[in-house]
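The values are calculated or read from the model by the stated rules, or taken from the named source; none is laboratory data. Quantities reported herein were computed from a predicted structural model and do not represent experimental measurements. Using ideal geometry, Cβ is built from the backbone for each residue, glycine included, and neighbour counts are taken over all protein chains shown. The area values use the complete protein model at the heavy-atom level, side chains included, leaving out ligands, DNA and RNA. Shrake-Rupley method; radii C 1.70, N 1.55, O 1.52, S 1.80 Å.
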Amino acid sequence: MTDATDLPRLLAVASEVLDDAVEMFVAGHGAPRSVDKGPNDFATDFDLELERRISAELSDRTGVAVHGEEFGGPAAGEGAVWLLDPIDG
């Protein structure tokens, strides 16, 4: 767990988590849509799985909650929180 005020350590952990997800990210390129959210807005099963994986790793390794595009989470104004949109954000 990382102190939420130790920004250099948080950035290092986030970089490691994202580096670990690169292969999965690349493998999911072009995945078919599975959830329609609105006109020209959709998610894929890959989108959902990648957000789950990254959110769990960030939260487990830093103790900081995650608010993701697909699954939500605590509001950004409620203390330290990761904001995550792993595919197009």
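Some points to look at:
- Residue in the range 62-83 that is exposed (fewer than 12 other Cβ atoms within 10 Å of the Cβ), in contact (Cβ under 8 Å) with a residue 24 or more places away in the chain and not in a strand (DSSP E or B) present: yes
- Counting the residues of the range 33-61 that are surrounded by 15 or more Cβ atoms within 10 Å (Cβ to Cβ), at pLDDT below 85 and either aliphatic (A, V, I, L, M) or touching a Phe, Trp or Tyr at 6+ places or on another chain (Cβ under 6 Å) (or both) gives 1.
- Within the range 3-28, the set of residues being open to solvent by less than 90 Å² (accessible area, probe 1.4 Å), within 12 Å of Val64 (Cα to Cα) and of a type outside the set (A, V, I, L, M, F, W, C) comprises Asp6 only.
- Unmet requirement for Val26, which otherwise passes all of (1) outside any strand (DSSP E or B); (2) of a type in the set (A, V, I, L, M, F, W, C); (3) touching a residue at least 40 places away in the same chain (Cβ under 8 Å): (3)
- Near pairs, Cβ below 9 angstrom, 6+ apart or cross-chain, from the range 36-58 (in contact (Cβ under 8 Å) with a residue 12 or more places away in the chain and under 10 Å from Phe71 (Cβ atoms)) to any residue that is of a type in the set (Phe, Trp, Tyr) and open to solvent by 30 Å² or more (accessible area, probe 1.4 Å): Leu48/Phe71; Glu51/Phe71; Arg52/Phe71; Ser55/Phe71; Ser55/Trp82
- Considering residues of the range 29-61 that are among the polar types (S, T, N, Q) and in a helix (DSSP H, G or I) only, the residue nearest to Val13 (Cα to Cα): Ser59
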